Amino acid sequence: MTAKMIDGTAIAASIQEELTAEVAQLKEQHGIVPGLATVLVGENPASQTYVKMKRKRCAEVGIHSVGHELPADATQEQVEALVRELNADPAIHGILVQLPLPGHLDEEAVLNAISLNKDVDGFHPVNIGRLAMKGREALFAPCTPAGCIELLDRIGVEIRGKEAVVLGRSNIVGLPVSMLLLKRDATVTICHSRSKDLPAICRRADILVAAVGRAEMVKADWVQPGAVVIDVGINRVDDPAAKRGYRLVGDVAFEEVKEVAGWLTPVPGGVGPMTIAMLLQNTVKGAKRAAGLL
Ligand code: NDP
C-alpha cells in the first residue's frame, strides 16, 4: 500500500485564495481591512525570515500588516508597552509576537499582555484554557495545531470516535493539537519523552500526529496500516549532496511509513504551509469579530 499524500502547499494555497476573496468582500461591503501587527525582538535570523514570510502572505491576501522591530536588549516594559499600544489600535486585529523572545524577557507576561481579541497566535493562557475546557471555545486556536485539523478536514477524514495519538506535549504544538482533537471527539493519547513503548502506543492510532523534533523517529512498524499520519516535525539532517549541506526531514521516516499509512504529510510541504494560512485566517476572524460580523 502506498499512502496518499496530503498536499499542504496546495491546501494552504486554496485557503489563501478563499481568504483573498473574503478580504476583498470585507473591504467592499463593510470598509474593513484586516490588520496584523508583528513584533520582532532582536535579530534571530530564523525569526526574521518567519516574520518576513508572514507579512508577505498578508500582502498577498490584502491584509494590512505593520512590522515592529525592537532591539535584542529591549526591556520587558518596552515590549509590553508596544503590545498595549497595539491592543488599543483599532486598525490592528491581530498581534503576533514572534517567539522565542530573548532570554531576559518574560515570555508568559508578554503573551498575557496581548488582548484576548487580538491573540491570533492563540497562545494567550486564557485561549489555551478555553481550548482545554468542555463547552468553551477559544477565540483563536494556535496556528500549527489548527493547521493539522484543517488538513484532516480538507481530506475528508472523520475525527469523531477515532483513536488519535499525539507524539509531543509542547505548548505550541503537542498539547493544543491534542486538545483540538479531543474537542472534535477523538480518543486522545498524548506521548512524551517519558512515555513507555511508543511503537505500541502509536500502532493504536487511526490518526497519528508527530511533533517531537526528532528526525525520522516514527518507523513503519509504529504505524497501523491505513492510518492518517500528520508529521509536524522539521529537522535538519546533514546532506553533502544538498546545495546548503543539509535537507529538511520530518519526525516520520517518510519512505518507509508511506508504504503503510493511508495518508501522510510530506516534509516540507505538509503542515508547514498551513501555519501561516491559519494565521491569516485568524486575523480575518479577528477583524470580523471586532466589526460584530461574527
Ligand atoms: P518541543 O521541543 O517544544 O517539544 C517536543 C516534544 O516532544 C516534548 O513534549 C518532548 O517530551 C517530546 N519528545 C522529545 N523527544 C522525544 C522522544 N524521544 N520520545 C518521545 N517524546 C519526545 O518541540 P515543538 O513542539 O516546538 O516542535 C516539535 C517539532 O515540530 C519540531 O521539529 C519543530 O521544528 C516542529 N514545528 C513545526 C511547525 C510547523 O509550522 N510545521 C511549527 C512548530 C514546530 P517532554 O515534554 O517529555 O520533553
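Every number in this text was worked out from the coordinates using simple rules, so none of it is lab data. Just so we're clear, the structure is a prediction, and the values are computed from it rather than from any experiment. Backbone-built Cβ (ideal geometry, glycine too); neighbour counts: all protein chains shown.
If you take the beta carbon distance between Glu85 and Glu259 as r and set R0 to 51 Å, what does 1/(1 + (r/R0)^6) give as a FRET efficiency, to the nearest 0.05? Write out the running numbers ahead of the final one.
Details: r = 54 Å, r/R0 = 1.05.
After rounding to 0.05, the efficiency reads 0.45.
So between Lys219 and Leu116, what do we pick up on full extension, going 0.36 nm a residue minus the alpha carbon distance? List each step's numbers first, then the result.
Numbers: separation 103, 0.36 × 103 = 37.08 nm, distance 4.00 nm.
The Lys219-Leu116 span can extend by a further 33.1 nm.
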For Ser65, residues with placed amide H under 5 Å, excluding near neighbours: Leu36
Label-point separation, Arg244 to Asn171 (7 Å along Cα→Cβ), nm: 2.7 nm
Cα-based convex hull volume of the stretch 136-294 per residue, rounded to whole Å³: 125 Å³
Semi-axis lengths (Å, descending) of the ellipsoid that matches the C-alpha gyration tensor of the chain: 32, 21, 19
Distance histogram in 5 Å bins (all Cα pairs of the stretch 185-231, percent per bin): 5, 21, 35, 28, 10, 2
Mean separation of Cα contacts under 8 Å, 6 or more apart, over the residue count of the stretch 119-201: relative contact order %: 26 percent
Global form of the stretch 217-294, assessed from the alpha-carbon gyration tensor, a/c cut-off 1.5: oblate
Violating pairs (Cα-Cα greater than 31 angstrom) within the set Lys258/Lys288; Lys4/Lys27; Lys134/Lys258; Lys27/Lys162; Lys162/Lys258; Lys183/Lys288: Lys258/Lys288; Lys4/Lys27; Lys134/Lys258; Lys27/Lys162
Burial ordering of Phe140, Phe254, fewest other beta-carbon atoms within 10 Å first: Phe254, Phe140
Amide H partners (placed H, <5 Å) of Ala227, local residues excluded: Gly262
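Fewest Cβ neighbours within 10 Å first, please rank Val33, Val260 accordingly.
Lowest count first: Val33, Val260.
Would you calculate the volume per residue, in Å³, of the smallest convex hull containing every Cα atom of the stretch 1-114?
137 Å³
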Dipole axis of the stretch 69-128 (+1 Lys, Arg; -1 Asp, Glu on Cβ), positive-most option in Gln78, Asn127, Gln98: Asn127
Rg over Rh, two decimals, the stretch 77-189 (C-alpha only, Kirkwood Rh): 1.02
Long-range amide H partners of Thr189 with built H, under 5 Å: Ala164, Val165, Val166
Cβ-based exposure ranking for Trp263, Trp222, in which fewest neighbours within 10 Å come first: Trp263, Trp222
Whole-Hz couplings from phi, Karplus 6.51/-1.76/1.60, listed for the stretch 247-252; x for Gly and Pro: 9, 9, 10, x, 8, 10
